[in-house]
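**Student:** Can you read through this structure? Questions will come right after.
Just so you know, all these numbers are worked out from the coordinates, no wet-lab data involved. Note that the coordinates shown come from a computational prediction; the quantities given were computed from them, not determined experimentally. Neighbour counts are summed over all protein chains in view; Cβ atoms, including those assigned to glycine, are modelled from backbone coordinates with ideal geometry.
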Amino acid sequence: MKRVLLVLALCAPLSVFAEAAPAKKDPISQGDAAAGATKSAPCGACHGPNGNSAMPEWPKLAGQSSRFIFEQLKAFKSGARQNPIMQGQVAALSEQDMRDLAAHYALQKPAPGLASKDAVAVAKPLYLAGNAGRALPACAGCHGPAGAGNPAAAYPRLGGQHAAYVAARLRTYRELGLKGELPDGNQKMMAAVAAKLSDKEIDSLASYVNGLQ
């Protein structure tokens with residue numbers, strides 16, 4: 001009888017005896033990507049089911065730094081970053097929800113974009129080298145030569161991002177910079193830089209980063 005019980009015990013499913021494996025957390029956001037995937041359905045209406053939005057006015061989230069996404073969600077919730085649609089979406093999110101969503105989108109593969117030839121001629125020198133005479137730093141210094149961003153510093157990924165969205169954000173930063181209404185943190189730097197850009201340079205840079213991979 002003892003031998004029969006021993007055989008049954010050895011053949012029993014492992015889950016009867018072992019505890020469930022702990023959720024794997026994103027090392028930067030401390031979020032659970034699997035949990036974030038289950039919470040991302042409402043986000044998909046604007047940003048696409050895998051974080052690659054179909055509408056150029058709405059940003060791609062796929063492959064974005066989890067720290068950047070988490071910090072932006074917090075900014076929308078606190079009102080530090082204003083957007084009526086996003087503020088409505090994040091109102092009911094807990095901090096863990098935001099961490100989980102950030103971890104999920106960081107694992108998604110961003111869809112590539114395309115830059116126009118005319119844009120490359122204007123934007124490439126500015127992006128890679130800046131303009132010392134105008135005190136314009138190289139975009140690549142923070143966002144990387146291929147637009148991958150800097151996850152540790154929460155500098156966002158630009159490679160493949162919609163040109164229309166990038167251009168709109170740069171114009172918003174420029175308006176703040178020209179008014180002297182400089183926000184805190186990384187956005188303060190962006191406002192100061194964008195204030196020195198022309199419309200042509202903004203549109204060219206937006207197209208250029210859309211083509212980066």
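**Student:** Taking the Cα-to-Cβ direction at Met189 and at Ala41 and moving 7 Å from each Cα, how far apart do the two end points lie in nm?
**Tutor:** Between Met189 and Ala41, the label points sit 4.0 nm apart.
**Student:** Run lengths n ≥ 4 of DSSP H only: what is the helix-derived mean residue ellipticity at 222 nm for the chain, with -39500 (n - 2.57) per run over all residues, to the nearest 500?
**Tutor:** After summing the helix terms and dividing by the residues of the chain, the value is -15500 deg cm²/dmol.
**Student:** So who's got an amide H within less than 5 Å of the one on Leu136, skipping anything under 5 residues away but keeping other chains? H placed 1.01 Å off N, in plane.
**Tutor:** The list, which skips near neighbours in sequence, is Asn131.
**Student:** Sticking with this structure for a sec: For the chain, what is the relative contact order in percent, using Cα pairs closer than 8 Å and at least 6 residues apart in sequence?
**Tutor:** Rounded, it is 22 percent for the chain.
**Student:** Could I ask something else about it? Could you give each residue of the stretch 91-103 its phi-based ³J(HN,Hα) in whole Hz, using Karplus coefficients 6.51, -1.76, 1.60 with θ = phi - 60°, and x for Gly or Pro?
**Tutor:** Going residue by residue, I get 3, 9, 7, 7, 4, 5, 4, 5, 5, 5, 4, 4, 5 Hz, with x marking Gly and Pro.
**Student:** Apply the Karplus curve 6.51 cos²θ - 1.76 cosθ + 1.60, θ = phi - 60°, to the phi angles in the stretch 113-123 and return the couplings in whole Hz, x for Gly and Pro.
**Tutor:** x, 8, 9, 7, 4, 5, 5, 4, 4, 7, 7
**Student:** Amide H to amide H under 5 Å from Ala115: which residues, 5+ apart in sequence or cross-chain, H placed 1.01 Å off N in plane?
**Tutor:** Placed amide hydrogens put Gly211 under 5 Å from Ala115.
**Student:** Work out from phi, with θ = phi - 60° and the Karplus expression 6.51 cos²θ - 1.76 cosθ + 1.60, the ³J(HN,Hα) of each residue of the stretch 51-57, listed in order in whole Hz, and give x for Gly and Pro.
**Tutor:** Computed from phi, the couplings for the stretch 51-57 are x, 10, 5, 7, 8, x, 7 Hz.
**Student:** Here is a further query. Can you spot the lysines whose alpha carbon is less than 30 Å from Lys179's alpha carbon? Ignore those fewer than 8 places along the same chain.
**Tutor:** Lys60, Lys74, Lys77, Lys124, Lys188, Lys196, Lys200
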